[in-house]
Amino acid sequence: MQNPILILFLALFVSKSYSQDCSDLFISEYIEGPGQNNAIEIFNPTSNEIDLSGYVINRYSNGANTGPQSWPLSGIIASGDVIVLGNGQTVDIDLGTYISYAVDSIFYSLLDDHCTGDYNSNSTFYFNGNDAITLEKNGENIDIFGKVGEDPGNAWTDDTTAGFTDANGGTWWTKRQTLVRKPTIKKGVAMNPIVFNPVAEYDSLPDATYNGMGYHICDCIQTSILDVNKNSYVVYPNPVRLGEDININATSNITSIEIYCMKGTKILESNKKIISTSVLSKGTYVLHINFDSDKLTQHKLIIE
């Protein structure tokens, strides 16, 4: 006879350890750049908007496993959209033994939310490559970057011989890097890993790469929201410099493209796949792409 207590325990363990694909928010991008250019991008892979109340980003510094620095999230994140949170230090600060440099203006403009830029007030986004980052929902971890309780040295690396720490050398992956979650990843890591292998779920981009902040490509959206007609698409460049052209390509026929300001007012409508930004102003917009299959997708557009 099966033990009902054991069955219940296993069911609870599985439910806490392995969330379903595309069912909740997860970390989609990690930026540890020059100065204090540090940010975390959070992606909504579900088919519904999500209220961010109850979600928190935690930083466990230098191998700590308790007492994290925390940043609560707020607002609403639409289906397939992201929120970018990062360091808001806008001036250089002389700390005596060294200078804490201000973040880059382009980097700052891409943040949806930012800490105060005062380490003593909130140091969540003052990570430096060897700090674990968690995304928590109502007191439960739903995604972990790094390994809570482990100090890897300067950074986690690609070196399997040292458990992906830098004890034996290896290439830094979490310091002075931009890491983007692979499109095939559809959920976060809820349980603290035995070892953190950044290569397994992230693609590495060069230091100070910020042009991917603000959107994320994930198989969840392609298969759940646009699955009926396989309307995968790409918008580039994004961010785009004022005066340059935006290119929109898709696997299905596009009937119209609309650009809205953040207040919901339509600014521009076109049936062309190349749009000039010369008639717009710098800022953040919402791009609507309409397909002949009566499908609609929304995309954040940033003009610098």
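The values are calculated or read from the model by the stated rules, or taken from the named source; none is laboratory data. Nothing here was measured: the structure is a model prediction, and the numbers come from that model. Counting neighbours? That spans all protein chains shown, and the Cβs are built from the backbone with ideal geometry, glycine included. Areas reflect the complete protein model, heavy atoms only, side chains present, ligands, DNA and RNA absent. Shrake-Rupley method; radii C 1.70, N 1.55, O 1.52, S 1.80 Å.
Pairs of Cα atoms under 8 Å, at least six residues apart: use those to get the relative contact order of the chain, whole percent. List each step's numbers first, then the result.
Details: 710 pairs, mean separation 48.5, N = 304.
With pairs under 8 Å counted, the relative contact order is 16 percent.
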task = Sticking with the crude label model, points 7 Å out along Cα→Cβ, report the distance from ASN192 to LEU242 in nm, one decimal please.
result = 4.9 nm
The chain - charge dipole about Cα centre, Lys and Arg +1 at Cβ, Asp and Glu -1, debye rounded to 20 = 520 debye
request  = Output the relative contact order of the range 17-174, whole-number percent, from Cα pairs under 8 angstrom with separation of 6+ residues.
outcome  = 22 percent
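Once you have a ≥ b ≥ c as the square roots of the Cα gyration tensor eigenvalues for the range 90-209, tell me rounded if a/c is under 1.5, and otherwise prolate or oblate according to whether a/b is larger than b/c. Please report the intermediate quantities before stating the final value.
Working: a/c = 1.63, a/b = 1.37, b/c = 1.20.
Taking the square roots of the gyration eigenvalues as a ≥ b ≥ c, the range 90-209 is prolate.
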remark   = Residues whose built amide H sits under 5 Å from the amide H of ILE246, excluding neighbours closer than 5 in sequence, are ILE275, SER276, THR277
query = If you take the charge dipole of the chain about its Cα centre, with +1 on Lys and Arg Cβ and -1 on Asp and Glu Cβ, which of TYR215, THR265, VAL189 is farthest toward its positive end?
reply = THR265
request  = With all protein chains present, calculate the accessible area of SER105 using a 1.4 Å probe and round the result to the nearest 10 Å².
outcome  = 90 Å²
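Taking square-rooted eigenvalues a ≥ b ≥ c of the alpha carbon gyration tensor, is the chain rounded, prolate or oblate, where a/c under 1.5 means rounded and, failing that, a/b exceeding b/c means prolate?
On the way: a/c = 1.93, a/b = 1.25, b/c = 1.55.
Note, shape of the chain comes out oblate.
Give me the tail of P(r) for the range 25-149 as a percent: Cα-Cα pairs with distance above 18 Å. Walk me through the intermediate numbers first.
Numbers: 3941 of 7750 pairs.
Above the 18 Å cut-off, the range 25-149 has 51 percent of its Cα pairs.
Let me have the 222 nm mean residue ellipticity of the chain computed from DSSP H runs of 4+ only, each contributing -39500 (n - 2.57), with the sum over all residues rounded to the nearest 500. Mind dumping the intermediate values first?
Values: 4 runs with 29 residues, N = 304.
Taken over the chain, the calculation gives -2500 deg cm²/dmol.
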task = Just the number, please: carbon plus sulfur as a percent of the accessible area of the range 85-228, 1.4 Å probe, no ligands or DNA/RNA counted.
result = 51 percent
note = Under 5 Å from the placed amide H of ILE142, counting only residues 5+ away or on other chains, we find LEU135, GLU136, LYS137
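Assuming R0 = 51 Å, can you tell me the calculated FRET efficiency for the pair THR265 and ASP219, based on Cβ-Cβ distance, to the nearest 0.05?
On the way: r = 33 Å, r/R0 = 0.65.
Calculated value: 0.95.
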